[in-house]
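Before any comments, here is the structure.
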Amino acid sequence: MNIANRCALIFSMLWIITPALADPSVRVVGLFAGAAVVTIDGQRHMLRVGKPGPQGVELLSANSNTARLAINGAPRDFSLQTDYSESHTEPEQQRVVVPRGQGGHFRIQGSINGHGVPFLIDTGATTVAMNSGHARRLGIDYKVTGTRVGVTTASGITAGYRVRLERIKVGEIELQNIEGMVLEGGHPTEVLLGMSFLSRLRMIDEGNTLVMERRY
C-alpha cells in the first residue's frame with residue numbers, strides 16, 4: 001500500500017471513530033413574541049428570531065406558549081420549562097403580572113436601593129440602564145463607585161459608568177447585586193429594567209400582560 005492510500009485509510013478510520021458532537025443541554029425559561037430566554041449548558045441567553053445564537057442554537061419562532069429552536073440545524077419545539085438550577089425551598093412563588101401599557105410597552109413601579117422608580121421593561125437592554133439625572137435622584141454616586149466605559153448609542157459614543165446596584169424590587173420580587181449602567185446626559189429618558197435583572201426571572205408574554213416569576 002502506498003503512502004497516499006495509507007493516509008487516506010487512516011483519515012477514514014479517524015472519521016469513523018470520532019464521535020459526533022453532542023447537542024448542548026437547552027431549556028426555554030422565558031417566552032415572548034419573537035424572542036425567548038434560553039439556558040444553554042446552564043448559561044442564560046436572550047435569543048431573537050433571525051439572529052444566530054451560541055453553540056449552534058438558533059431561535060426559529062416563538063410566542064407566549066412555545067418556541068421552535070434549531071439545535072445544530074435540527075428543529076425542535078419547546079414549551080416553557082423549569083430551570084434545574086432552581087431550588088424549591090421557598091413556600092410561595094413570587095410573581096408579578098404587568099399589564100401592557102401605552103405604545104405596547106410594559107412599565108412597572110419599583111425601587112432601586114429603596115428609592116421608588118418607574119421602570120420600562122426592556123429585554124433589549126443588557127443591563128438596568130439610566131441617565132445621569134436618574135442616578136443623582138436615586139443617590140447613586142456613579143463617578144466614584146462606577147467604572148467609566150464608552151457606550152455606543154444612536155447619536156454616537158457616550159460616556160457611561162458601569163455600577164453595581166445593591167437591590168432592585170418590583171412587586172414582591174427583590175434581587176440583590178444587579179449590574180447597572182449610568183449614561184451621561186438625558187438618555188435613556190426612562191429607567192430601563194434590562195436583562196441583568198430580567199435574566200434572573202422566568203417571563204411569559206401573554207399578549208396583554210407580562211408574567212414575571214422569581215427563580216429559586
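Values in this text are rule-based calculations from the coordinates and carry no lab data. Because the structure is predicted, anything quoted here is derived from the model rather than measured. For neighbour counting, all protein chains shown are included, and Cβ atoms are generated from backbone atoms with ideal geometry for every residue, glycine included.
Pairwise inverse Cα distances across the range 95-214, averaged and inverted, put the Kirkwood hydrodynamic radius at 14.5 Å.
Counting other Cβ atoms within 10 Å as a rough exposure proxy, the listed residues 126, 147 run 147, 126 from fewest neighbours to most. As a proxy for reagent exposure, 193, 60, 175 were ordered by neighbouring Cβ count within 10 angstrom, fewest first; the result is 60, 175, 193. With neighbour counts taken as other beta-carbon atoms within 10 Å, the residues 25, 155, 199 rank, fewest first, as 155, 25, 199. Figure legend: label point modelled 7 angstrom from the Cα of residue 209 along Cα→Cβ; residues of the range 106-135 with amide N under 19 Å from it are 106-110, 121.
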